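Bear in mind these aren't lab numbers, they're just calculated from the coordinates by the rules spelled out. Computed from a prediction, not measured in an experiment: that's the story for all the values here. Please note: Cβ atoms are built from the backbone with ideal geometry, for glycine as well, and neighbour counts cover all protein chains shown.
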């Protein structure tokens, strides 16, 4: 008996140009390919993780035009003309350096899978909401799930950076 | 899971979008922020042949206002309302509602128009626009028509949009600064879709008294009459308001809805 002949629909791809981490990537993608997959597989930017593929876990969170956005919900094609940044863009960013240090000090990661998304969201919190209290921090982090830490260390790390930033503002004002 | 293969068609005008939707028939779906549709695509709950990308349509963006209304472009994002970048027609209610939608990353991209047309019974604008007696402006590419928000959604994930029609603007009547409101929804987890939703608006300046029950199985239910706030204030009054709404809900959801209504009543009393 011979194996059934499988007929696959033809693959249709389009050429696009994406601006990611201040670099231009010329890519050929299927329209259905989500940004997260294109970033990881074609751009080699693997800091962006994929968890749920339906927008709730936050592992795929990147920065688009300076604001956090999911990369699992939309075609990569839709990100043309936008300024996309993955965690890799923040290697030399001072705020991100503070966050990395705080995450280490406060034991805010274990396996690290949620961490890139957490850091993107955390950076948005500390820059956009300098007055955030614990309740607000937890509310803002609700879109990033962590299975390892129980969140307390992550909350403490964000609080730590908020305190540091507030203190440095006072110093500069004086 | 990965989506089925589809064509992504970016259009630059409402006319072109309407044309493309008509041409695509059942296989074509408009995509605004893609925050709801994207999840359905990845779960293969939606399997379109063509997505009409609305990003290129300038007229759908921005918000304008005159003395009586704020008119929001359908592509207004939840974050723009949350941050006050789009004016709040309802004395702070809209910004509060916006802040409670999903998560910030979703709010940065998800849109008011997209949410209304997606018509998830548990979505926030789906309940808020009927509460605020908004009007939805849709076009078939040639003629616009106005649909009252309380009538727009007909069933879960179904609206009055005809094939080939596009929602372009949402016109919300401006509430006076004396307006009091409450918006309460029950989520076990921050950012998840509500299991029960109740909200009220009372504008003493023109006597508007409105209540909405949302996160039901189908469209939200609006109650609007003089004396509503008084009914809300008593347990008996609330039970009477709930009775027709909870008839089809299981006891847990009915209890959640009753509790949301009780909290709304407390809020309205406190702000008096």
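Report, in whole Å, the centroid distance computed from the Cα atoms of the range B:141-204 and the range A:126-174. So the two Cα centres are separated by 33 Å.
Of A:121, B:111, how do they rank once you tally other Cβ atoms within 10 Å and put the fewest first? Walk me through the intermediate numbers first.
On the way: A:121 25, B:111 29.
So the residues, fewest neighbours to most, are A:121, B:111.
Classify the range B:110-185 as rounded, prolate or oblate from the Cα gyration tensor: take a ≥ b ≥ c as the square roots of its eigenvalues, call it rounded if a/c is under 1.5, otherwise prolate when a/b beats b/c and oblate if not. Note, shape of the range B:110-185 comes out oblate.
Helix A:152-173 axis versus longest C-alpha principal axis of chain A: approximately 60°, rounded to the nearest ten.
Over 19 Å, how big is the tail of the calculated P(r) for the range B:148-259, in percent of all Cα pairs? Let's see the in-between values first.
Details: 3341 of 6216 pairs.
Of all Cα-Cα distances in the range B:148-259, 54 percent exceed 19 Å.
Mind sorting B:182, B:251, A:168 by how few other Cβ atoms lie within 10 Å of their own Cβ, fewest first? Intermediate values should be presented prior to the final figure.
Values: B:182 24, B:251 8, A:168 11.
Lowest to highest Cβ neighbour count: B:251, A:168, B:182.
Inter-chain neighbour count for A:53-63: the average number of beta-carbon atoms from partner chains within 10 Å of each residue's beta-carbon is 5.
For the range B:60-83 and the range A:18-51, compute the distance between their C-alpha centroids and round to whole Å. Centre-to-centre (Cα) distance: 32 Å. Among A:149, B:76, the ranking by other beta carbons within 10 Å of each residue's beta carbon, starting with the fewest, stands as A:149, B:76.
Entry for the protein assembly as shown at q = 0.09, 0.12, 0.14 Å⁻¹: log10 I(q)/I(0) = -0.63, -1.08, -1.36, Debye formula applied to identical alpha-carbon scatterers, no solvent contribution. Computed over the alpha-carbon pairs of the range A:94-174, the distance histogram in 5 Å steps reads 3, 17, 30, 27, 14, 6, 3, 1, 0 percent, short to long. Summary of packing: across the peptides A:53-62, B:233-242, B:157-166, the per-residue average of other C-beta atoms within 10 Å ranks them, highest first, as A:53-62, B:157-166, B:233-242.
Spread over its residues, the convex hull of the C-alpha atoms of chain B is 126 Å³ per residue. The modelled label-to-label distance between residue B:65 and residue A:167, using points 7 Å beyond Cα along the C-beta direction, is 4.1 nm. Helix B:251-270 and the longest principal axis of the Cα set of chain B meet at an angle near 70°.
In degrees from 0 to 90, rounded to the nearest 10, what is the angle of the helix B:14-24 Cα long axis to the longest principal axis of chain B? Once rounded, one gets 70 degrees.
When you restrict to C-alpha pairs under 8 Å that are six or more residues apart and normalise by the size of the range B:85-208, the relative contact order lands at 27 percent. The relative contact order of chain A, computed from alpha carbon pairs under 8 Å that lie at least 6 residues apart in sequence, is 20 percent. Seen from a random direction on average, the alpha-carbon convex hull of the range B:37-128 projects onto 6.6 square nanometres. Reported value for chain A: 142 Å³ per residue, from the convex hull of its C-alpha atoms.
Which shape class applies to the range B:1-87: rounded if a/c is under 1.5, otherwise prolate when a/b exceeds b/c and oblate if not, where a ≥ b ≥ c are the square roots of the Cα gyration tensor eigenvalues? The shape class here is oblate.
Please work out whether the range B:90-228 counts as rounded, prolate or oblate from its C-alpha gyration tensor, where a ≥ b ≥ c are the square roots of the eigenvalues and a/c under 1.5 means rounded, while otherwise a/b larger than b/c means prolate and anything else oblate? It is oblate, given that a/c is not under 1.5 and a/b is not larger than b/c.
Express the relative contact order of the range B:153-206 as a whole percentage, based on alpha carbon pairs under 8 Å and six or more residues apart in sequence.
On the way: 45 pairs, mean separation 16.3, N = 54.
Averaging sequence separation for qualifying contacts and normalising by length gives 30 percent for the range B:153-206.
When chain B is treated as a Gaussian network with alpha carbon springs shorter than 10 Å, the biggest mean-square fluctuation among B:72, B:202, B:103 belongs to B:103.
Per-residue mean of foreign Cβ neighbours for B:186-192 is 3 (Cβ atoms of other chains, 10 Å radius).
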